[in-house]
1. Is it true that some residue in the stretch 532-545 is part of a helix (DSSP H, G or I) and open to solvent by 10 Å² or more (accessible area, probe 1.4 Å)?
2. Go through the stretch 355-369 and give me each residue that's farther than 25 Å from Ala278 by Cβ and either within 24 Å of the chain's Cα centre (by Cα) or surrounded by fewer than 19 Cβ atoms within 10 Å (Cβ to Cβ) (or both).
3. Just checking: which of the strands (runs of 3 or more DSSP E) contained wholly in the stretch 305-377 hold 1 or more residues that are touching a strand residue (DSSP E or B) at 6+ places or on another chain (Cβ under 7 Å) and without any contact (Cβ under 8 Å) to a residue 40 or more places away in the chain?
4. For the stretch 691-710, what are the residues that are assigned to a loop (DSSP other than H, G, I, E, B) and more than 16 Å from the chain's Cα centre (by Cα)?
5. Identify all residues within the stretch 69-78 that are open to solvent by 60 Å² or more (accessible area, probe 1.4 Å) and either under 16 Å from Asn507 (Cβ atoms) or within 12 Å of the ligand (Cβ to nearest atom) (or both); write none if there are none.
6. For the stretch 559-609, which positions are more than 12 Å from the ligand (Cβ to nearest atom), modelled with pLDDT of 95 or more and in a strand (DSSP E or B)?
7. For the list (1) over 16 Å from Glu679 (Cβ atoms); (2) touching a residue at least 60 places away in the same chain (Cβ under 8 Å), I need the number of the one condition that Glu151 fails.
8. Does Asp632 satisfy being free of Cβ contacts under 8 Å to residues at least 60 places away in the same chain and either open to solvent by less than 30 Å² (accessible area, probe 1.4 Å) or within 14 Å of the ligand (Cβ to nearest atom) (or both)?
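The values are calculated or read from the model by the stated rules, or taken from the named source; none is laboratory data. As the structure is a prediction and not an experimental result, all values here were calculated from the model. Please note: Cβ atoms are built from the backbone with ideal geometry, for glycine as well, and neighbour counts cover all protein chains shown. With ligands, DNA and RNA removed, areas are computed over all heavy atoms of the protein, side chains included. Shrake-Rupley method; radii C 1.70, N 1.55, O 1.52, S 1.80 Å.
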Amino acid sequence: MRQSLLLLATVLAACSSGPSVQAPAATASPSAGRERVSINDGWRFTMGDPVDAEGRLLYDVRPDDSEAQDDRPADAEPEAAVDVEAQQRVLKPWVLPTANDFLDDPAERHERPPGHPGADVSYVQRAFDDSGWERVDLPHDWAIEGPWLEEGPYGGMGRLPSWGVGWYRKAIDLAAEDAGRQIFLDVDGAMSYATVWLNEQLVGGWPFGYASWRVDLTPYVAFGGENQLVIRLDNPPNSSRWYPGGGLYRNVWLVKTNPVHVAQWGTAVATPDVSEDAATVELAVTVDNDGDADASVEVVTEVVRLDAQGDRVGPAVARFDPLTATVEAGGSATVEGAAVVESPRLWGPPPTQTPTLYVAVTTVSRDGVPVDEVETTFGIRSLEFDPDRGVVVNGEHVYLRGANQHHDLGALGAAFNVRAAERQLEILREMGTNAIRMAHNPPAPELLELTDRMGFLVVDETFDVWERRKTPLDFHLIFPDWGEPDTRALVRRDRNHPSVILWSIGNEVGEQYTEEAGADVGRRLSAIVHEEDPQGRPTTASMNFAKPDMAFPTATDLINLNYQGEGIRDAPAYSHLQGITTSPLYPAFHAAYPDKVIVSSENAAAVSSRGTYVFPVAPGISAPVSDSTGGDPVRHYVSAYELYTAPFGSSADKVFRSLDQHPYVGGGFVWSGFDYLGEPTPYYDARSSYFGVIDLAGFPKDRFYLYQSEWRPDHPMAHILPHWTWPGRVGEVTPVHVFTSGDEAELFLNGASLGRKRKGEYEYRLRWDDVVYEPGTLEVVAYKGGHVWARDRVETAGAPARLDAEADRAVIAADGRDLSFLTVRVLDAEGRVVPEASNRVRFEVDGPGEVVATDNGDPTSFEPFQSASRQAFNGLALGIVRLAPGATAPLTVTISSDGLAPATVEIHPSDR
Ligand code: GAL
């Protein structure tokens, strides 16, 4: 058994590219320990209810959504909920008790009615023959394969069929020796309205699609044989302002414990005193007793440092004194202790600090026999919030250079993949990003393991709506019942992550508009967060409407402003627009709340299509996009001169200026780091957003270099735009802009200087707006402090002649999950990228592996992501490949295109 546990640990380790693996109990007696088994593989799946279930398995009745408006502006005022009375039996009373551990007031907890609704439904039957259903492995997003909904009002949710009912079935063997153990089903995320049956009995469920949750299978398990697990999801239409995905889109686990065991997310670490010499580590451990006799337990914990790979280094650096408690049958008890780590290595964000992690290994013993062991990964760091500077980590002021990120992974959809998420973070880091806001919902747990390991600062966010709605069937429908459980669940799950610095309880919620009533909801949620977080991290809620003299900002600890800091629709270029109009509000908020830190939680909302340039170019530093300014009404592209924004937005230049003029603001988060599926402002017949600094395929837009120039001032770089292949523009004015971390630059066209320019105060780009196009070479020489600092050059390209392909990693794990991302460039005979090339490229594999998805970053493309053939968009295409599990030979990928010389890439399996 011990051996099989170790084997399981090895298998799990191989599935993960980071230290994300919770190893099973190593010191607990083998038959008594905890096991956490991945049950991702081998599910059966189908869409739609069987006839015998139609209309009978609703979680709750839903209001009419026929008036939904697909392209409703993001900052339109949220509306009041519409009441509907259920005239039929609904499943809600059976599902609500799953929330009981997350409701503080015993009187609020739910009693389960008798019976097992759905027990007679064909798909729930043990004997049901599901062999005709699709076989899927998790994480699974049922919508990402399309088909695209090219017509109709579906742009907001990404033009993919994410809504509808989906069923998952899996047979699970549970050994006779497991009898007497607790068996839990842990779901990291199910989109959405999950109901779970085991062996034809309704176990429970959880509606919120971004939550992680657990149901206790124990009462329904048949030990010594096969158990039929059935999960029904029911994703509503018109329920999101972006693509939610659909299905069991995160990891799913079976957890086996003794009756006496550490509770779900039952450890809480805090490091209240941190210095270079010593750190106090406080730990609370909650032990559940699901047995029928009271239990005396002893809890011991030791602390070990982890290396950058997540492996333990050296002996324990601290031991907690043994803690004891009596846990009543059917109850739980929490023990608390403290220990000192001498000369701690602190967790802090690079480049100035190192994100060192520790693990607390907690063993629970009963009558001297170990019955459970859990690991809690944490960091030792101090965190302060200074209203005149912002965030201070370990005594160092860390200015937030942040990006908002939605949860989808582009061509892979919502199905979580560690490597795909890690790649996003690597690209953001290259840009200089040091902070991520999880917009607007709980992320996959592994994403926070990545931010811990890589040292990003994180704003962890719960909701986009509370009681008032943004779309007819969004989370507001369940907020009254689930606002508290979902808030508690998020904080309990994520509180030990050192990367989390701030809890955001809401984004632009409608309660901003309802004065004290709305603020009261905020106060309630804020209090819940504080009850769950022993580290005392502040709460916030992003405000795009509430003003300093309104009630809403008083509800949270920290001021998060969306767009209001820079001002909304207030600059001359925006004066003709309708909607919220706000003058720049940093000074007014700072004056009204001198004790609260201000963060620009969303700024910019700038839009562009990578590599597309539209003429003429707006003269100012920021302009709302329209068909006549920056937008291409025919092709539905937006110019990448990077001056154009949503009606309420501001260009990066305007945001930088505003932040620099108000140095007490702690920094901000651009909307958005990556493009994402859905919300394709300004062209709602597209499939994906234009907001990203990086496109959906992960290719940097020009703006990437503008951010890099500002966020990495010590990194020598210069970047010219646009490209210089304009056969139709000879003799026409074609402005040239340069982003550089230098302070001056000289531009040359075919060797002739077009002048040397210096950035003025609050200027972030250098512009040569009168350049007359002639083919040839544009070159820029950037200077810093009078010395040559960086260069860039672009040349007029010829016709496409060959392909070039580059893998981000040529050696990957052969575990069926690790990925290699191939960037394909269309080159001319001299090796220059052909900037507008749209050649169709094909990916062919030879060897053990497959093409998982392709993309090109074009928001208007309706090619299936799964297609191994893809048109290049402005010279680039992306292929995502993986090795077959267990592969020992390399995979050869040949990328070809009619009339062009092909490219080949080899992907090798790693030894691990
Ligand atoms: C904000 C909103 C984001 C996104 C952004 C761009 O108002 O919080 O979720 O919609 O606008 O449209």
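1. Yes.
2. Residues satisfying the conditions are Asp367, Gly368, Val369.
3. 312-319, 323-327
4. Correct list: Phe699, Lys701.
5. Asp71, Pro73, Glu77
6. Listed by number, the residues that qualify are Ile559, Ile598, Val599, Ser600.
7. Just one mismatch for Glu151, condition (2).
8. For Asp632, the condition - free of Cβ contacts under 8 Å to residues at least 60 places away in the same chain and either open to solvent by less than 30 Å² (accessible area, probe 1.4 Å) or within 14 Å of the ligand (Cβ to nearest atom) (or both) - is met.
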